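Enquirer: My structure is below; once you've seen it, I'll send some questions.
The values are calculated or read from the model by the stated rules, or taken from the named source; none is laboratory data. Only a predicted model underlies this, so the values are computations on that prediction, with no experimental measurement involved. Methodologically, a virtual Cβ is constructed for each residue, glycine included, from the backbone with ideal geometry; neighbour enumeration extends over all protein chains shown. With ligands, DNA and RNA removed, areas are computed over all heavy atoms of the protein, side chains included. Shrake-Rupley method; radii C 1.70, N 1.55, O 1.52, S 1.80 Å.
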Amino acid sequence: MIDFFGKNWEKILRENELVSFGALWQLKADWFEEPNIRRGGWSGVIKTPLEQLNDTPVFIFIKRQENHMSRTWLHPISGIATFQKEYDNIQLFHRYQIPTLELVYFGTRSYNGNRQAIIATQDLEGYFPLDVLLPTSSSKVVKGWSDRQALLKATAKVLSQMHQHHLQHNSLYPKHIFAKPVGDSWDIRIIDLEKAKRRLFKKTAILRDLGTIWRHTLDWTTKEQVTFFKAYVNESRLSSKSKKIWYQIQDRVLSKSK
C-alpha cells in the first residue's frame, strides 16, 4: 500500500476527515466524468470542496480506479495502476520544474482481491484549456492579438522546457494544456501525464508532440505557427536546423491528416 500526501495537504485532508485512502474512496459525489470502463477495470473522477481554516474552500479532483492496469517493462505481466504512471510523471515534472498539477494525495491498495488507486490534485481555478482559449470565435479571455501572441509564446517555452529533458507528453492535445492570464503573460500547466515518457532522442518527442498539437489547432494561422515555433526554439530568425525540424513537423501533420 502507498500513501503520499502533497505538501501541506495532509492537514487539510485531516480537517475534512478525508486523510485516509478508505475515506477518499468512500466519499460520495456526482461523477465529474463518467467512469471509464476498460482494461478489465474502471476509472472515474469526482470534484469536491475542502474547507480550510480561513473559511475559503479549495476544490480538488479525486480520481479513483479499480483493476485499471497498464503493463510496463518492469511489470510486463501484472502491470501497475495507470494512476501510478501519472503520479510518477507529475513528480518527474516537478523535479524538472515543468509546470503541471499540484498533487494532493496518491495511494494504492489491494482490497477484496481488487487493486485500487486514488490520485487527487488541486483544481486549476482560473485556468482554461487551449481549446477554449485559442478559438477566435469563442474565447472571451484572450483579448486581441497581443494576448494571443503572449499565450502562444508562453506555451511554446514550457513545451520546449519539457522536451529539453527528453520528456514526451504523448497525448498533447490542446485540452491538456491549461493557461491562466498573469499580468502581460500567461501561467501554463501541462496535465494528463499518464502517457508521458522519456525519450532517448529529444527530436522524437518534439516531432510527436508538436505534430499532435498542430494537427488539433487548425485555426492557427501560419503566422501564429511561426510565432509559436520561434519562441519554442528561442530564435528571432529560424536557423537552418530549426527550419529542418519545422518542415519535418509539417510533413508529419500532412501525413497524419491523410
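Enquirer: Might you check whether a residue that is open to solvent by 50 Å² or more (accessible area, probe 1.4 Å) and either in a helix (DSSP H, G or I) or within 18 Å of residue 210 (Cβ to Cβ) (or both) occurs anywhere in the stretch 126-133?
Expert: Looking through the stretch 126-133, at least one residue is open to solvent by 50 Å² or more (accessible area, probe 1.4 Å) and either in a helix (DSSP H, G or I) or within 18 Å of residue 210 (Cβ to Cβ) (or both).
Enquirer: Residues that are in a loop (DSSP other than H, G, I, E, B), open to solvent by 40 Å² or more (accessible area, probe 1.4 Å) and over 30 Å from residue 165 (Cα atoms): does the stretch 33-46 have at least one?
Expert: For the stretch 33-46, residues in a loop (DSSP other than H, G, I, E, B), open to solvent by 40 Å² or more (accessible area, probe 1.4 Å) and over 30 Å from residue 165 (Cα atoms): present.
Enquirer: Which is surrounded by 17 or more Cβ atoms within 10 Å (Cβ to Cβ) and assigned to a helix (DSSP H, G or I), of 116, 161?
Expert: That would be 161, the only listed residue that is surrounded by 17 or more Cβ atoms within 10 Å (Cβ to Cβ) and assigned to a helix (DSSP H, G or I).
Enquirer: Are there any pairs, at least 6 apart or on different chains, whose C-beta atoms fall under 7 Å, with the first in the stretch 68-95 and of a type in the set (Val, Ile, Thr) and the second open to solvent by 70 Å² or more (accessible area, probe 1.4 Å) and at pLDDT below 90, and if so, which?
Expert: Close Cβ pairs satisfying both conditions: none exist.
Enquirer: Which of the residues spanning the stretch 208-231 are within 17 Å of the chain's Cα centre (by Cα) and open to solvent by 70 Å² or more (accessible area, probe 1.4 Å)?
Expert: Selection gives 208, 216.
Enquirer: If we keep just the residues of the stretch 47-72 that are assigned to a loop (DSSP other than H, G, I, E, B) and touching a Pro at 6+ places or on another chain (Cβ under 6 Å), which is least open to solvent (accessible area, probe 1.4 Å)?
Expert: 57
Enquirer: Here's a follow-up. For the stretch 138-158, what are the residues that are in contact (Cβ under 8 Å) with a residue 40 or more places away in the chain and open to solvent by 30 Å² or more (accessible area, probe 1.4 Å)?
Expert: 141, 149, 153, 157
Enquirer: Taking residue 126, is it closer than 30 Å to residue 219 by Cα and over 13 Å from the mean Cα position of the chain (by Cα)?
Expert: yes
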